């Protein structure tokens, strides 16, 4: 018989029948911390990288599978989005510290004036999070509302925007050898081509799995609304909001 160190209940099994924690709790040692790190990276390898690859191959199918309950092999949508967001911001930070600001990739004016663009890049999760609800609304209204609820459409968008960040990460990574060989920076606006292609692929792949009428028309409407919203936000709304922080 052992006493659970978490809830204080008495138990005789491996796990506490009251709270589920292991009854035999090991001390915090270097081995314990190392085991935690290894477990984390194994989990990333099995779930995160697999999800990333599958999102490039069949993004609509992955979203439908996860919503439908096939979740064991996939990274959860919010953590998938946050991991790629963090990886992208970290890569930009490392490049700026290593080569200088706007040397490898030129972000000049992408989110407005210099300070506003720098703020947007360092707080990209907030900038994108402001757009997620609207993009999910378009997907829900024109594609998914007969079979799925709004939050399930939001799951699809978390996966989609997470993969956009993956493509941004790849784009910036490929810009490194370009800069080292030519000494010229690559304009970040070229990466918009990847965004358009992938979001188009996501929307059409999702639409083809649903018994919709006028699939192409509905998909085109979602694409137009999505990119119009992003463009308006990036070029007009965010610069006005950012002025509140730079007065």
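If you average the alpha carbon positions of the range 214-235 and of the range 88-166, how far apart do those two centres end up, in angstrom? The two parts, judged by their Cα centres, are 15 Å apart. Rounded to the nearest 0.05, the FRET efficiency derived from the C-beta distance between residue 235 and residue 132 at R0 = 25 Å is 0.85. Seen against the Cα atoms of the chain and their longest principal axis, helix 77-99 is set at about 60 degrees.
Under Stokes-Einstein, with the Kirkwood radius over Cα pairs as Rh, the value for the range 43-89 at 20 °C and 1.002 mPa s is 199 µm²/s.
Each of 203, 10 has some number of other Cβ atoms within 10 Å of its Cβ, and from fewest to most they run 10, 203.
Computed across the range 125-247, the Kirkwood radius stands at 16.0 Å (inverse of mean 1/r, all Cα pairs). Just so you know, the Rg over Rh for the range 92-170 is 1.11, from Cα atoms, with Rh as the Kirkwood radius. Projecting the alpha carbon convex hull of the chain along each direction and taking the average yields 18.3 nm².
Bear in mind that the values in this text are calculations on the coordinates, not laboratory data. Keep in mind that this is a model prediction, so the values were computed, not measured. Neighbour counts run over all protein chains shown; Cβ positions are idealised from the backbone, glycine included.
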